[in-house]
Amino acid sequence: MKILAITSCPNGIAHTYMAAENLQKAADAMGIDIKIETQGSIGVENEFTQADIDAADGVIIAADKTVNKERFVGKPLVAVGVQQGINAPETLIRRIVDGQASVHEESGQRSNEDAGNAAGGKGQNAFYRHLMNGVSYMIPFIVIGGLLIAISLTLGGTSTPEGIQIPEDSFWKTIENIGAASFSFMVPILAGFIAMSIADRPGLAPGMVGGYIAMNGSFYGSEAGAGFLGGIIAGFLAGYIALWIKKIKVPSVVQPIMPIIVIPVLASLAVGLIFVTIVGAPVAQIFESLTTWLQDMQGTSSILLALILGGMIAFDMGGPVNKVAFLFGSAMIAEGNYEIMGPIAVAIAVPPIGMGIATFLNRRKFAATEVETGKASFTMGLFGITEGAIPFAAQDPFRVIPSNMIGAMVGAVIAMMSGVGDRVAHGGPIVGVLGAVDNVLMFFVAIIVGSFVTAITVNLLKKEAAVEPALAEVPTQPAAEETVKEEKPAVKGQPQPEEENADLHSLTNKNLIQVNVKAESKEQTIDELIDLLAAENVLTSRADVKEAILEREAEGSTGIGMNIAIPHAKSTAVKEPRVAFGVKRDGVDWNSLDGTEAKLIFMIVVPKESEGTQHLKILQMLSRKLMDDQYREQLLQVTSTDEAYQLLKEVK
C-alpha cells in the first residue's frame, strides 16, 4: 500500500516537519510506503508527481492552512490539523488502511467532516481557518492603499472647508487614486478568499462578487455599504453555497463544466440575491434610522453623543456604522459646528494607533505577522486611516472590537469635554499638523489617552498567541536569499541537502552539558546554561546574549511541548554556533504549547551573521530526532555528561 501525506502549519517551520517526521516513522513501523509533501515557509518540497498520485491508495492532509485538494479527486482522503499529524500519525494511517476515509469526489470538495474541522476539534476550527485565509490575502491591499493615501495626503494635501483635498491635476492625486484603487479591492478579496478556503477555486468568483455587492450599498439602497463585516458574511455565504452546489450529483457529461461555469454562476447569483433582498436592505434601513437618531441627540448630552460617535467610529473601522457617524460629523461642519467632528477625528485614529501600540507593549499576545501588521497600523492611524486596525479585528473580533470601541469612546469624550473642533472632514494627527483643529493640544492628548486605553484593554483581554516554536525571528523585510536558505528537517527516505555541521555533537561538547540543572525558574535555567557557554569563551557579552534570548521568549514560548524547550538567540555577542544542553528532572515551567514542564532544555546560540541559515539547520536536526519517544526517555535518564554526549551524537 502507498499513501501520500501533506503537512503544513501557519508559520511553516517546526510543526510542518515534526508532523512529517512522525508520519514517516509511523508508516515505517506499520510497513506502509509513504511519501510526504511539506508546504513550509519556503514553499512546497518533495512535491508529488502525477505518477505518485495515480499510484496512491489514499491521502492524508495534516495542515492548519488551506491545502488545494484538486489533485486528489477519486482518492480516499483524510484532512485534519497539523497537531494530529504530530500526535496521532498511526490513527491517520489506519483510517486509510481500514477504508474509513471518504473518497474525494470532485475538485475542492472535502472528503469528510474532518475537512471542515482541520484541527480535529482541538486546534484552529473551520471558521477561523477560512477567515484567516481571507485576511491573509486582504492585508496587502490595506497596506498598499493606506500608505499610498497617507503619503499623498501628507505631501500633496491642503486644508479646505470640504476636508483635506489634493489638487485634481497634481501628481499626488494620482498616488491617492492608486491607493484608493487598492482599498476598493479589500472587501472583495477578503470575501473571495474566505469562499475559496471553503469551496476551493469554484468559490473564489462568487465570494468576490458577494464582497463587491457588500461594499456597494447602491445595490440595496444605502449610501454606505456593509464594509468588511459584510464581506465576511458574503464570503461565508458564497463558500457554503458553492460547496452545497458541488455536492449535487450531476451526469458525468456535466461534471467538467461544474467548477468553471455552473457553480460560479449559480453561487454568485444566489449570494447577490440574498445580499440585495435579505441582508443589505434591512441593514440600510437600520443605518438610516441611526442617522436620524444621532441628529435628534445633538442638543441633549454632548458626552453621551461623544460616547456613541466614538463607539460607532471604532465598531467597524471604515464600514457602514463608521460611515454613518462620519457623515453626521461632516454634515455638522457644513452647518458651522466643528465640535462634533473633533471627537470623531480623535476616534478615527484610536483603533489603528492603539493596536499598533498594543503590539509594541506585549508582543507575546500577537503572532509574528500581527506584530508586523501593527507597525503599518500605527502609521495608518497617524494619517487618520481607521482601516489599519481591520486585520486585528477580523482575526479576533470579540476582543479587538470592544477594545477599539472603549479607547475611541474615551478619546472622543476627552475631545468633546475639551472643546476640540475639527474644521475638515478627516481625522488623525495629520489634521492637527495641518492646522485644521481647534484646541490642538487636547486633540493630541485625547488621541494618546484613547490609544493607550485600547492597547491596554486588548492586551488584558487577549490570550498569548499560539506561536509556533520557530527558531527564526520573523524579520520585517526578509531577504530573498535568506528565504531560499530556510530548510526543513529531513524526513527519512526523502532527499536531503548537504550541509555544514551535519551533526549536533560538532556544535557542543561535554563542558556544555549539565545533566542536573539546579535552577528553579525559567530565567535561572537560562542563566545556568549561559554560564556554560560563557565558560567556553564563545560569548563576548553574557548580558547581550541573555537579552536576545529573553526578547525571543517575549515573542512566544520556545517550549515546544513533550517536556522540551529550545531557547535560542542570534547575536553579535556570539563568536561561533554552539548548543548547550541541560536536564531538569523535576521540570521547570516554560509556558509550553502542550502545558508540560521543560525537562530537556537545548540552548542554541549563533552569530548574528548566521541569521536565516545556521539556526534553522540546528532546528532541523533537533526536531527530527526529538520526535522519538524512546530517545527523549533516554535523555531524561542520563546520569553523566559522557552518557549525554554520546546520545547527542545521534542527532544528525
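The values are calculated or read from the model by the stated rules, or taken from the named source; none is laboratory data. What you see is a predicted model, and the numbers here were worked out from it, not measured in a lab. With ideal geometry, Cβ positions are generated from the backbone for all residues, glycine too; neighbour counts draw on all protein chains shown. When the accessible area is computed, the model is the full protein with side chains, heavy atoms only, and any ligands, DNA or RNA have been set aside. Shrake-Rupley method; radii C 1.70, N 1.55, O 1.52, S 1.80 Å.
So here's what we get for this one:
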quantity: H104 long-range amide H proximity, modeled H, under 5 Å; calculated: G74, K75, L77
quantity: Potential lengthening between M417 and D169 on full extension [0.36 nm per residue; Cα-Cα distance subtracted]; calculated: 85.3 nm
quantity: Simple label model, 7 Å out from Cα along Cβ direction - S301 to T277, nm; calculated: 4.2
quantity: Ranking by accessible area, most exposed first, for I248, I560 with a 1.4 Å probe; calculated: I248, I560
quantity: Segment V253-T639, extension gain: residue separation times 0.36 nm, minus the distance between their alpha carbons; calculated: 132.0 nm
quantity: For region 59-70, 3J(HN,Hα) per residue [Karplus equation, 6.51 cos²θ - 1.76 cosθ + 1.60, θ = phi - 60°, Hz, x = Gly/Pro]; calculated: 10, 10, 10, 10, 8, 9, 10, 5, 10, 5, 9, 4
quantity: With all protein chains modelled, accessible area of K652 [1.4 Å, Å²]; calculated: 130
quantity: Relative packing of 86-97, 517-528, 338-349, which averages over residues the other C-beta atoms within 10 Å, highest first; calculated: 338-349, 86-97, 517-528
quantity: Hz values of 3J(HN,Hα) by residue in region 199-215 - Karplus curve (6.51, -1.76, 1.60), Gly and Pro given as x; calculated: 10, 6, 4, x, x, 4, 4, x, x, 5, 5, x, x, 5, 5, 4, 7
quantity: Stokes-Einstein D in µm²/s, Kirkwood radius over Cα pairs - region 500-603 at 10 °C with 1.306 mPa s viscosity; calculated: 116
quantity: Contour excess over end-to-end distance, with Cα ends at K652 and E597 and 0.36 nm allotted per residue; calculated: 17.2 nm
quantity: S418 accessible area, 1.4 Å probe, all protein chains in place, Å² to nearest 10; calculated: 40
quantity: Partners for K608 among lysines (Cα-Cα distance below 25 Å; same-chain residues under 8 apart left out); calculated: K375, K485, K488, K510, K522, K546, K570, K575, K617, K652
quantity: 5 angstrom amide H check on D33, placed H, neighbours 5+ away; calculated: I3
